[in-house]
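The values are calculated or read from the model by the stated rules, or taken from the named source; none is laboratory data. Only a predicted model underlies this, so the values are computations on that prediction, with no experimental measurement involved. When we count neighbours, we look across all protein chains shown, and the Cβ atoms used for this are built from the backbone with ideal geometry, even at glycine.
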Amino acid sequence: MEKQSAINNLLRKHELRKTPARTEILDLYMDTPHAMSHGDIERQLEEMDRVTIYRTLSTFEEKGIIHRAYDGGEAVKYALCHNECSTHHHHDDHLHFSCNKCGNTYCLEGYPVPNVQPPEGYTIDEMYLFAKGICKSCKVR
Ligand SMILES: [Zn+2]
Ligand SMILES: [Zn+2]
Ligand SMILES: [Zn+2]
């Protein structure tokens, strides 16, 4: 019940109408501690068609609900935003960690990516930085 109201609040805050697809995908994200790709969601929500998932993810990204968690893999993974992100304004400048064992990608909140100053004459448009290793839950096993 509490999760349902969190989902409603999130949609309202980002001025999105409540639809079954949006609710279901957010529900899944709230239950998952790591980032998920389109394919991951498709496997979990078998009833949902691909196009709906694509559309929902791009709306969420645009509205500041999820962000790309780059991990060097081919599939783009998305994670829930925990900061005050809004439409076209993301503030998820933390490191992403990809586990070599389980393959999951986690947000390392509180571990900011360093701000690199390029040499004179160079402009950085995009920069990808991520960590690979063994995650907390794989380590204990
Ligand atoms: Zn964000
Ligand atoms: Zn792991
Ligand atoms: Zn993240």
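The residues of region 1-40 that are touching a strand residue (DSSP E or B) at 6+ places or on another chain (Cβ under 8 Å) and in a loop (DSSP other than H, G, I, E, B), listed by number, are H14, P33, H34, A35. For S137, the conditions (1) within 16 Å of ligand 3 (Cβ to nearest atom); (2) over 17 Å from Y70 (Cβ atoms) all hold with the exception of (1). For region 100-124, the set of residues classified as more than 17 Å from the chain's Cα centre (by Cα) and closer than 24 Å to H82 by Cα consists of C102, P114, N115, V116, listed by residue number.
For R55, indicate whether it is more than 17 Å from L11 (Cβ to Cβ), more than 12 Å from the chain's Cα centre (by Cα) and modelled with pLDDT of 95 or more. Judged against the criteria, R55 is not a match.
Reported count of residues in region 33-59, each being under 20 Å from E84 (Cα atoms) and among the hydroxyl-bearing types (S, T, Y), is 3.
With G73, G103, G39 as the choices, which residue is on the phi > 0 side of the Ramachandran plot and of a type in the set (G, A, S)? Full working, then the answer.
Details: G73 fails: on the phi > 0 side of the Ramachandran plot; G39 fails: on the phi > 0 side of the Ramachandran plot.
Sole residue among the options that is on the phi > 0 side of the Ramachandran plot and of a type in the set (G, A, S): G103.
Is it fair to say F60 is more than 16 Å from ligand 1 (Cβ to nearest atom), in contact with a strand residue (DSSP E or B) (Cβ under 7 Å, 6 or more places away or on another chain) and of a type in the set (F, W, Y)? Spelling it out, it is not the case that F60 is more than 16 Å from ligand 1 (Cβ to nearest atom), in contact with a strand residue (DSSP E or B) (Cβ under 7 Å, 6 or more places away or on another chain) and of a type in the set (F, W, Y).
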